[in-house]
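Colleague: For reference, the structure I am asking about is given below.
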Amino acid sequence: MRDVIIIGSGPAGMGAAIYGKRAGLDTLIIEKTGFSGGQITNTYEVDNYLGLPGVDGYEMAMNFRSHVDKLGADFEEGEVHRVRREADTLYVETASGSYETKTVIIASGASHSKLGIPGEEELSGMGVSYCATCDGAFFRGKTTAVVGGGDVAVEDAIFLARSCEKVYLIHRRDQLRAAKILQESLLQLPNVEVIWDSVAEEITGEGKVEALRIKNVKTGETRSLPLQGVFIAVGIKPSTVPFRGLVDMDEKGYIMAGEDCCTSEPGIFVAGDCRRKELRQIITAVADGANAVNSIQRYLVEAGL
């Protein structure tokens, strides 16, 4: 019987593990991929984490894991299929077996929707990004493009326009889906050009992004935009399918919880990108992990466990 099982070992899961071990909790982390770090392992450079300017994303992930290992948290590889309760015991079920625990932290993260076009995977982290607030500072004075037409895409374009020389917004329709107030803010910016009725077809470059080839869906015309950065904002999907029906979620599948990370189900907590919140960054994920453990300590005392 564990005190806490953490599902996922991205920044939220590993942050929770550190606080859990320091609180004297018997802690197990279950990670489906076999390696820790989550999305940051695919990030070429992280420049907005306090005290570690310009750190390589993979290096950061390995440092996080080393810290957790040093404190003695246990790791198991496996994909969680279900969490169920019997009285005060929670069972975390994987293909390889079932684990008993008093509490669970869901830190399963989220994944960005991708375009699936040539060059996207190859140049990820080399000019292709899925987070303007994370990586925008690297493109100061440069030309970038945002692909998408919703709130996030428009917000990203506005954010990038503050420091980039030129920002293209590529949208496959002739009108944006974003909130009207965001559209108005975007369209008055002199260094932003919206390219309507167009889709991205290929990202090109040798070792770094150099151009984006786009196609007009009405005329069939293609052209290449010389630029240094492509920001893809076509959606993000929380990795919460195994927990549907267990805890309350919003319409997109994000788990409902406040800053205390307490879900609708007693003994089950959530941390990181799969929690419904405004800002999804490494620093907020780690903070969620700490808050979740703090709530667990209170729960264990109040429940007499």
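Colleague: Scanning for something surrounded by 13 or more Cβ atoms within 10 Å (Cβ to Cβ), within 20 Å of the chain's Cα centre (by Cα) and among the charged types (D, E, K, R), does the stretch 82-105 turn up at least one residue?
Modeller: No: the stretch 82-105 contains no residue that is surrounded by 13 or more Cβ atoms within 10 Å (Cβ to Cβ), within 20 Å of the chain's Cα centre (by Cα) and among the charged types (D, E, K, R).
Colleague: Identify the single condition in (1) in contact with a Ser or Thr (Cβ under 7 Å, 6 or more places away or on another chain); (2) among the hydroxyl-bearing types (Ser, Thr, Tyr); (3) closer than 30 Å to Ala137 by Cβ that Thr240 does not satisfy, given that it satisfies every other one.
Modeller: Evaluating Thr240 over (1) in contact with a Ser or Thr (Cβ under 7 Å, 6 or more places away or on another chain); (2) among the hydroxyl-bearing types (Ser, Thr, Tyr); (3) closer than 30 Å to Ala137 by Cβ leaves (3) as the failure.
Colleague: Being outside any loop (DSSP other than H, G, I, E, B) and within 26 Å of Ala61 (Cα to Cα) narrows it down to one residue among Lys277, Lys237; which is it?
Modeller: Sole residue among the options that is outside any loop (DSSP other than H, G, I, E, B) and within 26 Å of Ala61 (Cα to Cα): Lys237.
Colleague: Further question on the same structure: Go through the residues of the stretch 4-16 one by one and say whether even a single one is surrounded by fewer than 24 Cβ atoms within 10 Å (Cβ to Cβ) and either within 15 Å of the chain's Cα centre (by Cα) or not charged (D, E, K, R) (or both).
Modeller: no
Colleague: Which ones in the stretch 49-87 are small (Gly, Ala, Ser) and in a helix (DSSP H, G or I)?
Modeller: Gly57, Ala61, Ser66
Colleague: A further question follows. It is to be established whether one or more residues within the stretch 226-238 are under 30 Å from Glu165 (Cβ atoms), in contact with a helix residue (DSSP H, G or I) (Cβ under 7 Å, 6 or more places away or on another chain), at pLDDT 95 or above and aromatic (Phe, Trp, Tyr).
Modeller: Yes: one or more hits.
Colleague: Something else: Give the number of residues within the stretch 111-149 that are surrounded by fewer than 19 Cβ atoms within 10 Å (Cβ to Cβ), closer than 26 Å to Tyr254 by Cβ and of a type in the set (Val, Ile, Thr).
Modeller: Selection size over the stretch 111-149: 1.
Results for (1) out of contact with any Pro (no Cβ under 6 Å at 6 or more places or on another chain); (2) closer than 30 Å to Ile30 by Cα; (3) of a type in the set (S, T, N, Q); (4) outside the structural domain of Gly127 (by TED's automatic domain parsing), shown as yes or no for each residue.
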site: Ala161; (1), (2), (3), (4): yes, no, no, no
site: Cys164; (1), (2), (3), (4): yes, no, no, no
site: Arg172; (1), (2), (3), (4): yes, no, no, no
site: Glu184; (1), (2), (3), (4): yes, no, no, no
site: Glu202; (1), (2), (3), (4): no, no, no, no
site: Arg213; (1), (2), (3), (4): yes, no, no, no
site: Glu221; (1), (2), (3), (4): yes, no, no, no
site: Thr240; (1), (2), (3), (4): yes, yes, yes, yes
site: Phe243; (1), (2), (3), (4): yes, yes, no, yes
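Colleague: Right, something else. In the stretch 150-200, how many are buried (at least 17 other Cβ atoms within 10 Å of the Cβ), hydroxyl-bearing (Ser, Thr, Tyr) and part of a loop (DSSP other than H, G, I, E, B)?
Modeller: 0
Colleague: Is one or more of the residues making up the stretch 130-141 assigned by TED's automatic domain parsing to the domain that holds Gly37, over 19 Å from the mean Cα position of the chain (by Cα) and either in a strand (DSSP E or B) or over 24 Å from Ser198 (Cβ atoms) (or both)?
Modeller: No, every residue in the stretch 130-141 fails to be assigned by TED's automatic domain parsing to the domain that holds Gly37, over 19 Å from the mean Cα position of the chain (by Cα) and either in a strand (DSSP E or B) or over 24 Å from Ser198 (Cβ atoms) (or both).
Colleague: Another question, if that's okay. Which one is nearest to Glu122 (Cα to Cα) among residues in the stretch 201-233 that are assigned to a strand (DSSP E or B) and of a type in the set (D, E, K, R)?
Modeller: Among those that are assigned to a strand (DSSP E or B) and of a type in the set (D, E, K, R), it is Glu202.
Colleague: Given the criteria in contact with a Ser or Thr (Cβ under 6 Å, 6 or more places away or on another chain) and of a type in the set (Val, Ile, Thr), does Val80 qualify?
Modeller: Yes, satisfied.
The values are calculated or read from the model by the stated rules, or taken from the named source; none is laboratory data. Since the structure is predicted, the reported quantities are computational estimates derived from the model, not experimental observations. All Cβ positions, even for glycine, are placed from backbone atoms using ideal geometry, and neighbour counts span all protein chains on display.
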